[in-house]
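What follows is one structure encoded as structure tokens, with my remarks underneath.
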Amino acid sequence: MVLSVEVVLSRSRKALAMAVGAAALAAPLTFTGPASATTAEYTVTPLKFTVQAGGRSCTVDADLYRPAGVDRRHTAPAVLTTNGFGGSKSDGGTDATAKAFAARGYVALAYSGLGFGKSGCLISLDDPRIDGRAASRLVDFLAGSVAADDGTRADYVTSDGRGDPRVGMIGGSYGGAVQMAAASVDHRIDALVPMITWNDLSYALDPNNAGQRKGVSSDTAGVFKYQWSNGFYLIGESQPILNPGSLDPSRINSLPCLHFTTPACDTMRLLNSGSYPASGTKAMQEYARSVSPVTYLKHVKAPTLLVQGQTDSLFNLNEATATYKTLKAQGTETKMIWQSAGHSGGQVPGELNFAQGNLETSYTGQRILAWFDRYLQHRHGTDTGPAFAYYRSYQSGYGEARTVPAPSQKLYLSGDGKLVDNRRKVERGSRTYTNLLTPTSHSEFSLAGSLGLPDPKPFDTPGTYLGWSTAPLTEAVDVVGSPKATLKVVSPVAARAQRSGDGADKLVLFAKVYDVAPDGTKTLVNRLVAPVRVPDVNKAFTVNLPGIVHRYEAGHRLEFVIAASDDAYVGNRGIKPVTVVSAPGSKGTLELPVVSGSLPE
């Protein structure tokens, strides 16, 4: 295969075996199961729409849910929803979402996203110019302005003016980003609830947690997240097999990329090549960002309730935070919830789950209902909750804050391997690690959480990482937000290699923070790591680690680690030894967003 998928995935035969079973991965990316409402409360009408999107004529497959008693004289607001990647209008999640809102009196329109289920056209990664425009045509239908292909019209949706239906959108993952894409091109959309989705696809697939100039976006090529990326690539390519007749005849000679738009194919080809030439990398980043909220959020005016999962190595909390801060800064009404569940699992009892019909009783469900009450029902006195809320496994209920906490307590990296609270306590010292040609650290098997499979505990091989630890904590310390590290490393081999002009020759490392129990047991919170391709190994750099919500109990220690590799990512090209020199005036620090408790002196 031109994309060398077999070669890249040979790093983990288990990863390839799971990725080939791509259809099984679709369900965890959406809500699961049926809603609690009975079908007697509404009618369901299958519909087809022909839309023009991206220069192609596409058929959109949809189901219209009409509550009993809703007609031209008794109108109701509408909710538009679509599937996660690999799903369709009929999967447990999309279907359940539509049923749940139809049972609560909303007109609901569930549709299969372009390239999925029985909807036509290629997969275009929620491109606002394609997927966003297609969603806008469905808003036209809800406005009563156009009919479905069979002549059906929806003339019973509450209107805010001629051709302007009162409509909100909700969905997760792929069905989350499309909401912002649609709202950026159609300001008639009145409310959004994007769940567990991305801010910058170039970061999600090829993250660099250093050199981030805007939100999560870095100009330096990242570290290829090959397990997640190739899993989704295979899901997309399997669609013509899973849904016979969906293959676009014009793509028959486009092996090995049949079902994605050409720029998406080019992106996967470059990532799997293991190379980052300057011009090709820039083009890849520009394309990935063009289909990402980071580029078009400035056009999103609809009130937005962001819901992101803490247990998520695909789209971590930093992505939602970047979207939240951008929307807030431009004056778009927005609030954010960090629930437990994400793409990597983490569902907890009582958390929003349409299979359990707990929209009214779960915290997130209540917040969503209030959001739609306020912006779709126009119940202006509705309390939509705090600006920021986060699930706490260590304490009952959700924590609340006006904004996401920033790093507030600083520790220094000492030459003796300690984390100390004062620069004067830093011991002079020099320590070295080196990478091998195969991965020597493990954080996760990326598909395990989605597929419910066992996964070995995280580990690092001695000699291939460096760690710095605090003294045992004298009290519990609660961390909420993204830790930040500043590092200066020495690597003459990497310094010579980075002059080659190929970004792949830059030094790669992985930063993370462990919770170490008194018996030495280590916990890597939600198995999250910060991949880094060092922008310039001759200069200090800052690493923004993935956001967490975690209590480090009294008697435990925090250990900050930089490792040479991680088997969920493509790592260094060649052997590149790394030395960290510590002295009272050195750059090495770790900053933590502590909201309760204090780090040891």
- request: Write down the Å³ per residue value for the convex hull defined by the alpha carbon atoms of the range 275-375.
  value: 122
query: Among the lysines, which fall within straight-line cross-link reach of residue 328, defined as a Cα-Cα distance under 19 Å, with same-chain neighbours fewer than 8 residues apart omitted?
result: 214, 298, 301
- prompt: In the chain, what % of DSSP beta bridges are antiparallel (nearest 5)?
  reply: 70
field: the chain - charge dipole about Cα centre, Lys and Arg +1 at Cβ, Asp and Glu -1, debye rounded to 20
entry: 1400
- prompt: Size of the range 421-503 along its principal axes in angstrom, Cα-based, largest extent first?
  reply: 43, 39, 26
- request: Could you line up 174, 203, 363 from fewest to most neighbouring Cβ atoms inside 10 Å?
  value: 363, 174, 203
field: Highest to lowest packing among 518-526, 488-496, scored as the average C-beta count within 10 Å
entry: 488-496, 518-526
- prompt: When DSSP assigns beta bridges and you keep just the ones with both residues in the range 48-195, what percent turn out antiparallel, to the nearest 5?
  reply: 40
field: Sequence-distant residues sharing a close amide H with residue 223 (under 5 Å, placed H)
entry: 208
Selection from 470, 432, 276, by position along the positive dipole direction of the chain (Cβ): 432
- request: For every helix of n ≥ 4 consecutive DSSP H residues, a contribution of -39,500 (n - 2.57) applies; sum these over the chain, divide by its total residues, and give [θ] at 222 nm rounded to the nearest 500 deg cm²/dmol.
  value: -6000 deg cm²/dmol
Over the range 92-186, volume per residue of the alpha carbon convex hull, in Å³: 105
- request: Let me know the charge dipole size of the range 409-596 about its Cα centre in debye, to the nearest 20, where only the beta-carbon of Lys, Arg (+1) and Asp, Glu (-1) is charged.
  value: 820
query: When a footprinting reagent is the concern and you count Cβ atoms within 10 Å, what order do 224, 85 take, fewest first?
result: 85, 224
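State the volume of the convex hull built on the alpha-carbon positions of the chain, expressed per residue in Å³ and rounded to an integer.
Looking at the chain, the number lands at 140 Å³ per residue.
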message: So for each of 441-450, 572-581 I average, over its residues, the number of other beta carbons within 10 Å; can you give me the resulting order with the highest mean first?
response: 441-450, 572-581
query: residue 418's amide H: which non-local residues (gap 5+, or another chain) put their own amide H closer than 5 Å, with H modeled 1.01 Å from N in plane and none for Pro or chain starts?
result: 469
task: Search the structure for amide H atoms under 5 Å from the amide H of residue 332, placed 1.01 Å from N in the peptide plane, and list their residues when 5 or more places away or on another chain.
output: none
Nearest-20 debye value, the range 184-308 charge dipole, Cβ charges on Lys, Arg, Asp, Glu: 260
- prompt: Among 298, 484, which comes first, then next, by fewest other beta-carbon atoms within 10 Å?
  reply: 298, 484
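Bear in mind these aren't lab numbers, they're just calculated from the coordinates by the rules spelled out. Keep in mind that what you see is a predicted model, and the values were worked out from it rather than measured. Virtual Cβ from ideal backbone geometry, glycine too; neighbours counted across all protein chains shown.
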